[in-house]
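No value in this document is a laboratory result; all are computed from the given coordinates. All figures in this text were calculated on a predicted structure; none of them were measured in a lab. When we count neighbours, we look across all protein chains shown, and the Cβ atoms used for this are built from the backbone with ideal geometry, even at glycine.
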Amino acid sequence: MRLPALFRTTPFRLTLIFLAVFAFAAAAFLFYIYAVTAGEVTRRADRDIAAEMRSLETVYRQGGVNALNQQLIERTADGRPFLYLLMDRSGRKITGSIAVSPLASSDQEDAWTAFTVTETDPNGAEVRQPARGEQIRLPTGERLFVGADIGQAEAFVVKIVHALWGAAALMVLLGLLGGLVVSRNVSRAMAGLNAVVAAVRGGDLRARAPVRGARDEFDELAQGLNDMLDRLERSMAGIRHAGDAIAHDLRSPLTRLRARLEVALIDLENGKGDPEAALVQALEDAEGVLKTFNAVLAIARLQAAGQAPNPVSFDASELAAGMAELYEPVCEEKGLEFKAELTPQLSAYGNREFIGQAIANLLDNAVKYTPAGGAVALRARRRSSGEIEFSVTDTGPGVPEADRARIVQRFVRLENSRKEPGAGLGLSLVAAVAEAHRGRLEIDEGPGEVDGTGPGLRVALVLPRPN
Amino acid sequence: MARAAALRRGAELRILIVEDDVEAAAAMARGLTEAGHETAHAPDGAQGLDMARQGAFDVLVVDRMMPRMDGLAMVETLRREGERTPVLFLSALGEIDDRVAGLKAGGDDYLVKPYAFAELIARVEALARRHETGSVQTVLKVGDLEMDLIHRTVKRQGREIDLQPREFQLLEFMMRHAGQSVTRTMLLEKVWEYHFDPQTNVIDVHISRLRAKIDKGFDRPMLQTVRGAGYRLDG
C-alpha cells in the first residue's frame, strides 16, 4: 500500500512515534494519579469514620445506649456527613439514617465494608453513590454502624481524571497537527534541495539551492551544497579548459613533427637526405612535444585542482638554497654573476615540488635571457605582511611594461626571445603555481639601465602568509 | 647464486617485463636484448606474480595499471612473501603521489611513460647493481679513483681532489654505478632529489665541473658523455 506522501516523510513518522510514546506515558501517568487519589479518598473516609466511631463510643461509655441514641439523633439532625445506624441485640434498627446495615448478614464483631447508597438528588432522581462504613458491637450487645458517602470525593477524582484524559487527547491532536506543519516545512525545504540535486544529476551544474536566511541546518546544507557545486563547476570548467589547452598546445608541435617526418620520407624516396639525421631530428622533436605535454599537463592540473596538491610545511630558504646550488654553476658557465640572498628559516606552506619547479623556471628564464657579463639574483624573504616571497632578478633586457601581463600567458614569447629554446610555458607554470597557492606573480623592472644593459627583470612568486 | 653468476658473466641480466601492452613489452624486450640482457614477459599481474615467484630474475619491470592484478598489488604481494628482487615501476601516472605509492608498495624506482630507452636501460642496470652491492662499503674504487666515504675524501692516483658536498654526492653516485650509463633525470632525482624537468641542462654544468676536477691533468678521462643517454664513469 502506498501511503500518502506526507506520511512517508521522516518528520511525520518521527511525530507519530513521539505521539505514541507520549500517549503511553500519559496513560500510565493518569492511571497512577487515579490510583493514588482514589486510594486517598478511601483512606480519608475511613479515618473520618473511625474518628466519628471513637467519639460515639465515648458517648456510649459515658451515658450508655440511651445517650448514644440521643447523640445519633442530634448528629443526624446537625447534618453531619455520616450515615448512622444503631441496632438492638437482634439486629433491628433502633435509630439511624439508614434502614439496614450493609453488614446485617455479617456476624462479625467489628467489620469494614464498602457499599452503595441510593440517594435522591436535588432533581429527584435516584443516584447510587459509593460509600464506606464500619460496624462495631457494643458491650451491651447493640450494634453501631457508622458510614460515609464518598461519592462526591470520588466523583471529583473521576472529574480530574476525565479532564486529564481530555487534555492528553488534545495534546495528541495538537502534536499531530504540529507534526503535520513541521513535516510540511521540512518537506518543502527538502524539496528545494532535492530539486537542485536532480537538476545537477541531469547535467545542470548551474542549479543552486535557495538559502532562506533562517541560518538553520537547512540553510547550512543548502549553503554547503552550493559551495560544493561552485567548486565542482569551477573544476569542471578547469578540466574543460585543460582539455582545450592540451589539444591546442600539442597540435602545432605534433603537426610540425609529422611534417618533418613526411619530408624526410620524401627525401629518402628521392634518394637524398640522411635517414639517421631525420630520425635524430624526429626523436628530438618528440622529446620536445613530451616536455610541452608535461608542462601543459602540470599547468592544467594545477588550474583544474584550483589548489596546491599535497601541501606541506617546509623551509622556503632551504628550498631556495637547493635551487641556488643547482643554478649557480649554470650562471657561472654563462658568465653571469650569481647571488642568493636567503633569509634563514622561512617557513612556508604549499606543494614543495611545484614551488621548487617554479623557482627553477624563474632561474631558467633569467639565465636564458641575460647576456654574458650580467647578473642573476635569487632572493627568499618574508615580507612585512607575512607573505613569503621568492624573487629572481636579472640584468637582461627586461620586458616592456605593456607586455608584462602577456608573458604569463601560455606560449607567449616576445619577438626578441624567439631565438632562445623553450616553449614559452615556464612563466605560465609559475603563474599557475602562484594561483594554486592563493599567491601571486609580480613582474617588475630589474635594477635599471647600467652600462647599456638592462633594465632587467624582477619576477617574484609571492605566497600568502602560512597559518 | 644465479644472479651473481649473471653479473659475473658481464652486464647480462635476467629481466622480467610485466606489461599488458604486448607491443610495448616487445619493444622493451628488444631494447633490453640489444643492450645484452635476457628478458621474459608476463601480460598481467597474476602471471607476473607466478613468474617472479619462480625467481631467477635480476630486475622486475612492472607496469602499474594492468588487468587481473595491478602492478602495485603484485609487488606488494611479492614483498610480503619476502621476495626482494628490485622492481622498476612503469606508469603513465606521474604525479608525486603516484610515485610515492609505487615506492611504498615496495618498488625501488619509478619511471613515467613515455620514456627514452636509454633511461629505461640505465635504470634497470642501476637497480641490478644496487641489489648486488648490498654490503656497506666505506671505500669506493673505480680504476685509479678512490673515494673514502667516512673521511669524505677523494683521490686519483693518490692525488687528493677537493670536491664540494654536492660534487662529492654526484661522484659517489657515478662511482656506485661505474660502467653504467646514468641519465640526467636519474642524477636530478637521485642526487638532488628533484622530480622535475629543468629547461636548461643544469646537470650538464655540474657534470662538467666535476669532470674538470677529476679528469683535468690526468691522461685518461674517466667521466664519459654517452650520446642520447647521459654519462658514464669508466674505470
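Quick look at the numbers
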| quantity | calculated |
| --- | --- |
| Mean Kyte hydropathy of 0.0 or more with a Cα span along the axis of at least 15 Å, helices from DSSP in chain B | B:22-34, B:202-215 |
| Whole-percent pair-distance distribution, where bins are 10 Å wide, for the alpha carbons of the stretch A:36-172 | 11, 38, 29, 13, 5, 2, 0 |
| Alpha-carbon centroid distance for the pair the stretch B:59-103 / the stretch A:18-88, whole angstrom | 95 |
| Theoretical ellipticity at 222 nm over chain A - DSSP helices of four or more residues, -39500 (n - 2.57) apiece, nearest 500 | -19500 deg cm²/dmol |
| Net +/- balance of residues flanking A:Arg92 in space, Cβ distance below 13 Å, scoring K and R +1, D and E -1 | +1 |
| Segment A:Lys291-A:Asp110, length gained on full extension (0.36 nm per residue, minus Cα span) | 53.5 nm |
| Sum of side-chain charges, B:Pro43 neighbourhood, beta-carbon under 11 Å (Lys, Arg +1; Asp, Glu -1) | -4 |
| Test item: Cα-centred dipole of the protein assembly as shown, Lys/Arg +1 and Asp/Glu -1 on Cβ, debye | 1160 |
| Where a label projected 7 Å from the Cα of A:Arg465 along Cα→Cβ would reach, residues of the stretch A:356-390 with amide N under 14 Å | A:382-389 |
| The stretch A:230-353 - percent relative contact order, Cα under 8 Å, separation 6 or more | 30 |
| Sorted by Cβ neighbour density within 10 Å, fewest at the top, the residues B:Leu187, A:Leu457 | B:Leu187, A:Leu457 |
| Kyte-Doolittle mean at least 0.0, axial Cα span of 24 Å or more - DSSP H helices of chain A | A:10-78, A:151-201, A:275-305, A:316-333, A:352-369 |
| Pairwise label distance in nanometres, A:Ile246 with B:Asp21, each label 7 Å out on the Cα-Cβ vector | 1.4 |
| Chain A: Cα Rg divided by the 2.2 N^0.38 Å rule of thumb | 2.27 |
| Spin-label pair A:Leu254/A:Asn185, simplified geometry with 7 Å Cα→Cβ offset, distance in nm | 5.9 |
| Estimated FRET transfer efficiency when R0 is 60 angstrom, pair A:Ser90-A:Asn123 (beta carbons, to 0.05) | 0.95 |
| Of A:Lys291/A:Lys339; A:Lys334/B:Lys113; B:Lys155/B:Lys216, those spanning more than 22 Å from alpha-carbon to alpha-carbon | A:Lys291/A:Lys339; A:Lys334/B:Lys113 |
| Kirkwood-based Rg to Rh ratio, the stretch B:64-108, C-alpha trace | 0.95 |
| Extension gain, A:Glu341 back to A:Arg80 (0.36 nm per residue minus Cα-Cα distance, nm) | 82.7 nm |
| Residue-wise HN-Hα coupling along the stretch A:373-389, computed from phi with Karplus coefficients 6.51, -1.76, 1.60 (Hz; x: Gly, Pro) | x, x, 9, 10, 10, 10, 10, 9, 8, 9, 6, 5, 6, x, 6, 9, 10 |
| Pairwise FRET efficiency - A:Leu283 versus B:Asp162, Cβ, R0 = 56 Å, nearest 0.05 | 0.90 |
| For the stretch B:178-195, 3J(HN,Hα) per residue [Karplus equation, 6.51 cos²θ - 1.76 cosθ + 1.60, θ = phi - 60°, Hz, x = Gly/Pro] | 4, x, 10, 7, 10, 8, 5, 4, 4, 5, 4, 6, 8, 8, 9, 6, 9, 10 |
| Cα-based equivalent ellipsoid, the stretch A:216-369: semi-axes from gyration tensor eigenvalues, Å | 40, 30, 9 |
| Cα-based Kirkwood hydrodynamic radius, the stretch B:135-235, one decimal, Å | 13.9 |
| Among beta bridges that DSSP assigns inside the protein assembly as shown, antiparallel share in %, nearest 5 | 75 |
| Efficiency of FRET between B:Val226 and B:Gln137 - r from beta-carbon atoms, R0 22 angstrom, step 0.05 | 0.35 |
| Nitroxide proxy distance, nm - points 7 Å out along Cα→Cβ at A:Glu332 and A:Val100 | 13.5 |
